[in-house]
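Down below is the structure, laid out as structure tokens.
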Amino acid sequence: MLRHDHRPPDLLRPLQITRGFVRTAWASTLIQAGNTMVLCTASVDRGVPAWRKSKDPATPNKGWVTAEYSMLPGSTSPRKPRERQQPDGRTTEIQRLIGRSLRAVVNFEALGDHTITVDCDVLQADGGTRTAGITGGYIALADAVQRMLQEGLLQPGTQVLQDSVAAVSVAVIDGTPVLDPDYREDSRAEVDLNVVMTGSGQFIEVQGTAEGRPFDQQMLDRLLQLARGGIATLTERQNQK
């Protein structure tokens, strides 16, 4: 089976990663998966949220990592209105997913009294924005931690990140499992999964929905195996400087 963009079922969209895309950010990454473009920036602040502070003065604060996600008005057609007040339900769900995914590999004791905020802003949407946000968001997070080490905010040799994180979507199109669908494919998918994994091959989160008929265990296994291969490739790209 060849898809409308001539990819075989197990091939990712063309991937481009540009580190340091924004000079004013502590760390930043522009990730492009096909026609989807997401700008991921990481900001480092001294201190942690009030609820996160240690109640024992003798016990140091543990750090925190959080994420925000938004789609710029011009990222879709028709225009997406700005969320000036309260993010909608989809936005809230996605930014919580990104935050959970990144926190899964963080050693908060090693991070110490710091908060890192990862912002994922969609410049152009063509499917897979949340998974691109996770993959690019991890790169921004890792680069921010590296800069903290270089600037003496962390003790030399401190291991804040215990593993890497990447994510990809898989879907069933006309009965065939496919990797990294774009919007045209995703809009007619029979099954849709978002899979988040560590670089060492452990699952962090799997979100799956039967858009039409229910699917069986065999199909789920095929989709997860397809996602595993895609995430292995993404992990290799994350590690390239």
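The values are calculated or read from the model by the stated rules, or taken from the named source; none is laboratory data. Note that the structure is predicted; figures quoted are calculated from it, not measured. Neighbour counts are summed over all protein chains in view; Cβ atoms, including those assigned to glycine, are modelled from backbone coordinates with ideal geometry.
For GLY208, work out the one condition from (1) under 23 Å from LEU97 (Cα atoms); (2) crowded, with 20+ Cβ neighbours inside 10 Å it doesn't fulfil. It fails just one condition, (2). The conditions of being under 27 Å from PRO177 (Cα atoms) and assigned to a strand (DSSP E or B) are not met by VAL44. What about THR131, is it at pLDDT 95 or above, assigned to a helix (DSSP H, G or I) and either in contact with a strand residue (DSSP E or B) (Cβ under 9 Å, 6 or more places away or on another chain) or buried (at least 21 other Cβ atoms within 10 Å of the Cβ) (or both)? Considered against the rule, which asks whether it is at pLDDT 95 or above, assigned to a helix (DSSP H, G or I) and either in contact with a strand residue (DSSP E or B) (Cβ under 9 Å, 6 or more places away or on another chain) or buried (at least 21 other Cβ atoms within 10 Å of the Cβ) (or both), THR131 comes out as yes. Every condition in (1) touching a strand residue (DSSP E or B) at 6+ places or on another chain (Cβ under 6 Å); (2) modelled with pLDDT of 95 or more; (3) on the phi < 0 side of the Ramachandran plot; (4) not aliphatic (A, V, I, L, M) holds for SER75 except the one numbered (2). Of all residues in the stretch 216-241, those being part of a loop (DSSP other than H, G, I, E, B) and closer than 16 Å to PRO177 by Cβ number 1.
From the list GLN225, GLN217, GLN159, which residue is among the polar types (S, T, N, Q) and either touching a Gly at 6+ places or on another chain (Cβ under 8 Å) or within 24 Å of ILE116 (Cβ to Cβ) (or both)? Spell out the reasoning first.
On the way: GLN225 fails: either touching a Gly at 6+ places or on another chain (Cβ under 8 Å) or within 24 Å of ILE116 (Cβ to Cβ) (or both); GLN217 fails: either touching a Gly at 6+ places or on another chain (Cβ under 8 Å) or within 24 Å of ILE116 (Cβ to Cβ) (or both).
After ruling out the rest, the residue left standing is GLN159.
All of (1) surrounded by fewer than 18 Cβ atoms within 10 Å (Cβ to Cβ); (2) over 30 Å from PRO177 (Cα atoms); (3) of a type outside the set (Asp, Glu) hold for MET1 with one exception: (2). Got at least one residue in the stretch 97-105 being surrounded by fewer than 21 Cβ atoms within 10 Å (Cβ to Cβ), more than 20 Å from VAL206 (Cβ to Cβ), among the hydrophobic types (A, V, I, L, M, F, W, C) and in contact (Cβ under 8 Å) with a residue 40 or more places away in the chain? No, the stretch 97-105 has no match at all.
Within the stretch 106-128, how many residues turn out to be surrounded by fewer than 19 Cβ atoms within 10 Å (Cβ to Cβ) and either assigned to a helix (DSSP H, G or I) or among the hydrophobic types (A, V, I, L, M, F, W, C) (or both)? Final tally of qualifying residues: 4. The condition of being farther than 19 Å from ASP5 by Cβ, touching a residue at least 24 places away in the same chain (Cβ under 8 Å) and not charged (D, E, K, R) holds for only one of LEU179, LEU224, that being LEU224.
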